[in-house]
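The next block holds one structure in the form of structure tokens; read it before the comments.
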């Protein structure tokens with residue numbers, strides 16, 4: 001990495017923040033977003049791959065509904081562990097380094113999942129893969145937030161997070177064409193490809209200057225910040241404006257989990273945990289089971305089950321894109337709370353109708369999923385915003401642990417209900433949970449649009 005000359009600015013966090021805020025948006029930031037986004041793309045791909053291979057795995061390993069739920073949930077148990085442990089490590093060793101390690105973990109494990117020879121080996125490798133999957137997304141989201149200025153941050157970060165939705169869409173499309181012809185293993189082989197991305201990521205991107213400054217590594221923070229500034233100068237051909245420094249209260253103590261429950265962060269933490277849990281209980285409960293529901297409940301072919309699953313994911317991509325380009329105008333609070341309520345309405349309608357046909361489930365489940373997908377994506381923007389640099393990765397990672405817990409419970413809940421062939425109650429449960437999450441967030445969530453990170457979270 002090219003190191004620029006020392007600038008006249010010291011590398012305190014307030015000055016690093018001011019220097020980031022003066023940067024115009026150029027192709028360099030877009031390039032950084034795409035590089036980190038590639039890792040997040042495959043994170044989504046691997047996380048949902050199991051849903052689109054299950055219609056074949058059910059027959060190959062003779063899986064019962066309870067075992068299907070366990071195959072889905074074990075990966076999320078690994079993700080829960082990965083979210084907490086990797087978040088703690090990211091506060092100690094850095095955002096970029098931990099992102100690289102998590103990518104390596106989930107890539108290598110994806111190859112091993114493809115080599116699974118039994119139900120037991122499949123469970124083991126999915127669990128280990130989950131550790132990498134759970135750690136990568138919240139840490140990467142913290143990194144992207146930290147190199148982005150307040151103005152239009154919502155659109156910039158959500159266009160990055162939209163890559164996660166495209167990862168979900170890609171696994172649905174490729175599964176439709178590959179699984180029936182070449183076998184389920186090839187989906188996981190493709191999912192291991194991001195291991196090749198690691199070297200490029202390491203050579204091209206600097207560590208987060210905000211994190212380096214907060215960690216007291218002033219020389220490295222200066223080098224990273226100067227590198228970014230030089231990249232942007234080279235693309236614009238202009239000198240950068242003078243930074244406007246806003247005082248920031250400095251903290252000397254090391255990052256502590258207990259700080260998540262102190263002062264203004266107590267309410268923020270509890271509110272954001274509730275929305276992570278409720279949104280993802282519905283999100284992964286629906287998305288991981290829908291192809292199997294079409295196959296096992298409505299007796300559709302593997303190809304048609306995968307096609308219907310693809311339609312559901314496509315609905316989520318469309319809704320997520322609309323949110324990304326409007327969230328800086330509409331605001332975080334209205335989008336998140338409103339989407340949860342509208343999603344709840346769709347699930348409750350499906351319950352009232354009785355979920356009696358595949359077409360009925362496809363229509364209302366897709367609409368409900370599209371609304372909840374907005375929340376699932378936007379939380380990766382919102383959560384890093386409500387915590388300061390000293391605990392941003394930790395706060396985001398622990399919040400996503402509730403995602404993992406919900407992702408364990410959701411698929412298991414569906415498997416338990418389907419054992420009694422009571423599919424309408426699946427959607428009743430998701431509707432109630434989504435409604436509770438939307439109401440709580442509307443009552444207690446805060447608005448963060450167009451504010452500096454240090455202004456939101458002192």
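The values are calculated or read from the model by the stated rules, or taken from the named source; none is laboratory data. On a predicted model such as this, the values are computed, not experimentally measured, just so you know. Ideal geometry is used to build each Cβ from the backbone, glycine not excepted, and the neighbour counts take in all protein chains shown.
Key figures
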{"read-out": "Positions within the range 191-211 being over 20 Å from the mean Cα position of the chain (by Cα), modelled with pLDDT under 90 and either part of a helix (DSSP H, G or I) or under 30 Å from residue 51 (Cβ atoms) (or both), in sequence order", "value": "196, 199, 200, 202, 203, 204, 210, 211"}
{"read-out": "So residue 254, is it within 20 Å of residue 139 (Cβ to Cβ), surrounded by 20 or more Cβ atoms within 10 Å (Cβ to Cβ) and modelled with pLDDT under 90", "value": "no"}
{"read-out": "Test: residue in the range 119-128 that is crowded, with 18+ Cβ neighbours inside 10 Å and without any contact (Cβ under 8 Å) to a residue 24 or more places away in the chain", "value": "yes"}
{"read-out": "Among residues of the range 197-219, those that are within 25 Å of residue 108 (Cβ to Cβ) and surrounded by fewer than 21 Cβ atoms within 10 Å (Cβ to Cβ), counted", "value": "8"}
{"read-out": "Residue match in the range 363-383 (condition: over 17 Å from the mean Cα position of the chain (by Cα) and surrounded by fewer than 19 Cβ atoms within 10 Å (Cβ to Cβ))", "value": "yes"}
{"read-out": "Pairs with Cβ under 9 Å, 6+ apart, first in the range 177-190 and closer than 13 Å to residue 55 by Cβ, second modelled with pLDDT under 85 and outside any helix (DSSP H, G or I)", "value": "180/301"}
{"read-out": "Selection from the range 257-301 of residues that are surrounded by fewer than 20 Cβ atoms within 10 Å (Cβ to Cβ), in a helix (DSSP H, G or I) and modelled with pLDDT under 80", "value": "257, 296"}
{"read-out": "Inter-residue pairs, beta-carbon under 6 Å, first buried (at least 20 other Cβ atoms within 10 Å of the Cβ) and in the range 62-78, second outside any helix (DSSP H, G or I), 6+ apart", "value": "none"}
{"read-out": "Count of residues meeting criterion [surrounded by 20 or more Cβ atoms within 10 Å (Cβ to Cβ) and not in a helix (DSSP H, G or I)] in the range 171-190", "value": "1"}
{"read-out": "Among (1) closer than 30 Å to residue 50 by Cα; (2) out of contact with any helix residue (DSSP H, G or I) (no Cβ under 6 Å at 6 or more places or on another chain) - the single one residue 280 does not satisfy", "value": "(2)"}
{"read-out": "Of the criteria (1) surrounded by 21 or more Cβ atoms within 10 Å (Cβ to Cβ); (2) touching a helix residue (DSSP H, G or I) at 6+ places or on another chain (Cβ under 7 Å), which one residue 222 fails", "value": "(2)"}
{"read-out": "Hey, residue 222 in a helix (DSSP H, G or I), closer than 28 Å to residue 96 by Cβ and either under 22 Å from the mean Cα position of the chain (by Cα) or in contact (Cβ under 8 Å) with a residue 40 or more places away in the chain (or both) or not", "value": "yes"}
